[in-house]
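One structure is given here, and the rest of the page talks about it.
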Amino acid sequence: MEPLVIESLSKDYDGFRALDSLNLKVEAKSCTGFLGPNGAGKTTTIKILTSMLRATGGRAFLNGVDVTTDPKEALARVGAVVETPEFYPELTPVETLDYFARLRGIPSDSARSRVMQVIDQVKMGEWKDQRIGKFSKGMKQRIAIAQALLHEPDLLVLDEPTAGLDPRGMAEVRDIIKALRLQGYTVFMSSHLLFEVQQLCDKVAVVDKGKLLIYDTVQNLSTKRHVLKLEVDLVGKIDTETYTKVCALDKVKGVQCPTATKMLIDFDGDTADRRTLLESLQRLGLQVYSFADAGVALEEFYLDLIKESR
Amino acid sequence: MAVTNAEAGKYVLPSDFDQIITVTRVEFLRNLRRKRLLIFAIIIALVSALVLAVPPFFGGYPSDPILGPYSFAQNFTSTINFLIILLAVFYGGDALVSEFSNKTGYAIFPNPIRRSSLFMGKLFSSLLACVLVLGAYYIIIAASMIAVYGTLVIELLYSFLFAVLYMSACLGVAFAVSALMKSTVSALVLTFVLFLFVLSMLSGILMFAKVRAEPLLTFQAGVISGFLNGPYPGFFPPTEQRFNPGGGNVTGFDFVLYNPTVTNGMIVCTVWLVVSLLLAYAVFRRREMLG
C-alpha cells in the first residue's frame, strides 16, 4: 500500500482553481520532491494533506485513510512541517514536544526520552528549557522538524523544510532527511531549491497551475534531458590547448570554465560514458579531484517543462 | 486497506476526551504564564485595597447589623462587571484567532486531533483561568467580610455562582468574536468595544426609552450585585423602580430603573452562552489556514 495517494484532488479559492484534479501516488520508503513555481499548488496540496484546508473535490489517502473525511486517523502516522510554524511562546521545546507526544498517544514513560532524542537530533539541546518566544526562525524550524519526527511516522510531509535556515542549518536539515531515508521513512517534500531535490529525492513530481506535469525518477528525468552538466574541479589551471582537447572529446557538447580550475561540461552520455570521460580527462594530464553532476540538468528540464505548460 | 496504529505497531491515538484534557492542561499552563494573570492580580489587589481602605476615612464600614455585611460586599461587586468583561476579553478574545493569525495552527493542525477537541480544551482552560481570578476575588470579599463583621452570608455564594454563569456567557461571546476575526488585535478590541460600549449603550438607550433591556447580556450583570442587596429573596431589587425628579409636577422627566431578575438572568445568560459557543465552534471547525 502506498503511504500517500492523491486522487483527483481539487481546490478552488473564490473562483480561482489552485488544484485541478491532481493525481499522485508516493511509494513507500521513497523520497519524492514536489516541485513547481509559486502559485503552482504545492502548499495547497500539502495543506489539504495536513487538514489545514478543505478540498473542493477528490480524495487524499495517508496510509490508506482519507484525510478529507477522517483527518484524525489519517494523520496518526504522519509527521509534517508546513511553512515555518510558530509555537506557543510561553512554552519551552521540551514542554511543546511533550504536548505533541501526549496528543499522539506516546506513553508518558517513553515520551520524555523520545523528546530528548529528537531535541538532540535537531541540535536544540542547549535551548531545550528556554521559552520558544525568544527563538529565531531557524530554531523554530528545528523544533518543527523535531515534532514531525517525534512519533517515528511512516510518512513525512515537508513543505520547504530548509526555508528560513542559514546555510549551516540547511545542510544539517538535509543531513537529517538523508538519514531518515536510510532509516526507511517515506518523505514527500516540496522545495524551491532544485539542487536540494536532486540531492535528496529519488522521484520528482512537477506541478503547475494545479496540475501534475510529470512524475518520474530524478535519474529518468536527467536521462530524458540527454545533456547532463558535469562539474569538474582540477588541481591545476586549464590552458587553451587542454580546453580545446576537452571540447573535442566524445559526447561532450560544450565546455564552460567559470574559474581557472573548474569546468562545466555539457555531456550527452550514460554512466559508462561518464566513466570513459573521466579516464579521458586523466589521460589528457588533468588532475581531477572532483567530478560530479552540477545539478543543473534537472533545473533546465524543470524550466523547459514550466515554459511548455504556460 | 488502511492499517490502524495498533496494527502498525505504533502508538495508539488517545481518545478525544483524553486529548481535550491534554489541551486544557497545556492551555491553562500558558494562561498561568502570561502577564495578563499578573495584571488581574494587580487589579484585584487595587480594588480590594480601595474598598477596604477608603470607607474608614468617610465614617467607617456600613454598621447596620443585618444589612451591613451585604452593603460591604456590594461595594466590592460594583466593579465586577468590568472585571468579568476584562476576563472574557483577555482569556477568550484571542483564544481561537491566534492559531491562525499567529501561525501556531501550522504546528497544531497537522496533529491527529479534531478541531472540536482543540476547541473544548481551549474553552475549558479559559473558563478555568477566569474562575480562578473571579474565585480569588470572591475569597478576598469573603475573608474581608469575616474580618470586619465576623460573619459570612450565603448570598455571596449565590452572587459568585451567577457571576460564573455570566462570565461564561461573556467568554462564549469572546470566543465567537475570536473565531470570526482575522487578527488577534481586532478580536480583542471588538470584544472589548462590544461589551463596554455597544451593549452598555444599548442598555442605557433602552432604559431611557422605558424598555427593559432583557435580551442584552450586560443587562443581566445586575443580578450579581442584586444578590447582595440584602437577604435573598426578600431584599432582591424590584424589577423596576420609578423616579420622578420633578416630584410628579413636571411630566416627561420621570425615569425608570429596570433591574434584572434571577430567573431571566439565568435564561438569558444560558442562551447567550449556548448560541455564541455554537457559532464559535461552527466557524472554528470550518476555518481554513490560509495565507
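The values are calculated or read from the model by the stated rules, or taken from the named source; none is laboratory data. All figures in this text were calculated on a predicted structure; none of them were measured in a lab. Heads up, the Cβs are rebuilt from the backbone with ideal geometry, glycines too, and the neighbour counts pull from every protein chain shown.
Is there a residue in the stretch B:241-250 that is surrounded by 15 or more Cβ atoms within 10 Å (Cβ to Cβ) and either modelled with pLDDT under 95 or not charged (D, E, K, R) (or both)?
no
Checking A:GLN121 against (1) more than 10 Å from every other protein chain (Cβ to nearest Cβ); (2) out of contact with any Leu (no Cβ under 9 Å at 6 or more places or on another chain): exactly one of these is not met. Which one?
If we test A:GLN121 against (1) more than 10 Å from every other protein chain (Cβ to nearest Cβ); (2) out of contact with any Leu (no Cβ under 9 Å at 6 or more places or on another chain), just (2) comes out false.
Of the conditions (1) within 14 Å of chain B (Cβ to nearest Cβ); (2) surrounded by 16 or more Cβ atoms within 10 Å (Cβ to Cβ); (3) within 17 Å of the chain's Cα centre (by Cα), A:CYS31 fails just one. Which one is it?
For A:CYS31, the exception is condition (1).
Results for (1) crowded, with 23+ Cβ neighbours inside 10 Å; (2) of a type in the set (Gly, Ala, Ser), shown as yes or no for each residue.
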| site | (1), (2) |
| --- | --- |
| B:PHE90 | yes, no |
| B:LYS103 | no, no |
| B:PRO110 | yes, no |
| B:SER116 | no, yes |
| B:PHE124 | no, no |
| B:LEU127 | no, no |
| B:ILE139 | no, no |
| B:MET145 | no, no |
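Identify the single condition in (1) surrounded by 23 or more Cβ atoms within 10 Å (Cβ to Cβ); (2) more than 7 Å from chain B (Cβ to nearest Cβ); (3) under 19 Å from B:ILE108 (Cβ atoms); (4) modelled with pLDDT under 95 that A:VAL82 does not satisfy, given that it satisfies every other one.
Of (1) surrounded by 23 or more Cβ atoms within 10 Å (Cβ to Cβ); (2) more than 7 Å from chain B (Cβ to nearest Cβ); (3) under 19 Å from B:ILE108 (Cβ atoms); (4) modelled with pLDDT under 95, only one is false for A:VAL82: (2).
Test B:MET120 against the stated conditions and say whether it is in contact (Cβ under 8 Å) with a residue 40 or more places away in the chain and within 14 Å of chain A (Cβ to nearest Cβ).
Working: in contact (Cβ under 8 Å) with a residue 40 or more places away in the chain: yes; within 14 Å of chain A (Cβ to nearest Cβ): yes.
Yes, satisfied.
Just to verify a result, which residue in the stretch B:165-202, among those that are among the aromatic types (Phe, Trp, Tyr) and farther than 17 Å from B:PHE219 by Cβ, is modelled with the highest pLDDT?
B:PHE175
State which residue is farthest from the other protein chains (Cβ to nearest Cβ) when the search covers only the stretch A:53-70 and only residues that are under 21 Å from the mean Cα position of the chain (by Cα) and hydrophobic (A, V, I, L, M, F, W, C).
A:ALA60
B:GLN74 fails exactly one of the following numbered conditions: (1) at pLDDT below 95; (2) over 19 Å from the mean Cα position of the chain (by Cα). What is the number of that condition?
Answer for B:GLN74: the failing condition is (2).
Hey, could you check the stretch A:85-106 for residues that are touching a residue at least 12 places away in the same chain (Cβ under 8 Å) and among the aromatic types (Phe, Trp, Tyr) and say which is surrounded by the fewest Cβ atoms within 10 Å (Cβ to Cβ)?
A:TYR88
Name every residue in the stretch A:117-163 that is under 16 Å from the mean Cα position of the chain (by Cα) and either over 24 Å from A:THR186 (Cα atoms) or among the β-branched types (Val, Ile, Thr) (or both), in order of residue number.
A:ILE145, A:VAL157, A:THR162
Tell me, please, whether a residue that is farther than 24 Å from B:SER98 by Cβ and more than 23 Å from the chain's Cα centre (by Cα) can be found in the stretch A:73-95.
Residues of the stretch A:73-95 that are farther than 24 Å from B:SER98 by Cβ, as a first pass: A:73-74, A:76-78.
From the residues that got through so far, the ones that are more than 23 Å from the chain's Cα centre (by Cα) too are A:73.
For the stretch A:73-95, residues farther than 24 Å from B:SER98 by Cβ and more than 23 Å from the chain's Cα centre (by Cα): present.
Can you say whether A:LEU194 is closer than 23 Å to A:ASP98 by Cα and either in the same structural domain as A:ALA76 (by TED's automatic domain parsing) or surrounded by fewer than 18 Cβ atoms within 10 Å (Cβ to Cβ) (or both), as far as the supplied structure shows?
Taking the combined requirement at face value, the residue does not satisfy it.
Show me the helices (runs of 4 or more DSSP H) found entirely inside the stretch A:103-194 where at least 2 residues are in contact with a Pro (Cβ under 6 Å, 6 or more places away or on another chain) and at pLDDT 90 or above.
On the way: elements: A:108-121, A:137-149, A:167-182.
Helices (runs of 4 or more DSSP H) meeting the threshold: A:137-149.
Given (1) more than 24 Å from A:MET170 (Cβ to Cβ); (2) surrounded by fewer than 24 Cβ atoms within 10 Å (Cβ to Cβ); (3) more than 10 Å from every other protein chain (Cβ to nearest Cβ), where does A:GLY41 come up short, assuming only one miss?
(2)
Would you be able to tell me the number of residues in the stretch A:12-28 that are within 14 Å of chain B (Cβ to nearest Cβ) and farther than 25 Å from A:LEU303 by Cα?
The initial filter retains those residues of the stretch A:12-28 that are within 14 Å of chain B (Cβ to nearest Cβ), namely A:12-14, A:16, A:18-19, A:28.
Now drop any that are not farther than 25 Å from A:LEU303 by Cα, which leaves A:12-14, A:28.
Selection size over the stretch A:12-28: 4.
Here are some residues: B:GLY291, B:GLY204. Which one is farther than 25 Å from B:PHE82 by Cβ and either surrounded by fewer than 17 Cβ atoms within 10 Å (Cβ to Cβ) or within 14 Å of chain A (Cβ to nearest Cβ) (or both)?
It is B:GLY291.
Being among the β-branched types (Val, Ile, Thr), under 20 Å from A:ALA74 (Cβ atoms), assigned to a strand (DSSP E or B) and assigned by TED's automatic domain parsing to the domain that holds A:ARG77: is that true of A:THR32 here?
yes
Name the one entry in A:PHE100, A:PHE87 that is in contact with a helix residue (DSSP H, G or I) (Cβ under 6 Å, 6 or more places away or on another chain), within 13 Å of chain B (Cβ to nearest Cβ), assigned to a loop (DSSP other than H, G, I, E, B) and among the hydrophobic types (A, V, I, L, M, F, W, C).
Step by step, each of A:PHE100, A:PHE87 is checked, and only A:PHE87 is in contact with a helix residue (DSSP H, G or I) (Cβ under 6 Å, 6 or more places away or on another chain), within 13 Å of chain B (Cβ to nearest Cβ), assigned to a loop (DSSP other than H, G, I, E, B) and among the hydrophobic types (A, V, I, L, M, F, W, C).
Could you please find all residues in the stretch A:167-192 being more than 13 Å from the chain's Cα centre (by Cα) and farther than 19 Å from A:SER30 by Cα?
Hits for the stretch A:167-192 are A:PRO167, A:ARG168, A:GLY169, A:GLU172.
So which of A:ALA144, A:ALA171 is of a type outside the set (D, E, K, R) and within 13 Å of chain B (Cβ to nearest Cβ)?
Being of a type outside the set (D, E, K, R) and within 13 Å of chain B (Cβ to nearest Cβ) holds for just one of A:ALA144, A:ALA171, which is A:ALA144.
Residues checked against (1) under 27 Å from A:ASN220 (Cα atoms); (2) of a type in the set (A, V, I, L, M); (3) outside the structural domain of A:PHE195 (by TED's automatic domain parsing):
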position	(1), (2), (3)
A:ILE238	no, yes, yes
A:ASP250	yes, no, yes
A:GLN256	yes, no, yes
A:THR261	no, no, yes
A:LEU277	yes, yes, yes
A:PHE291	yes, no, yes
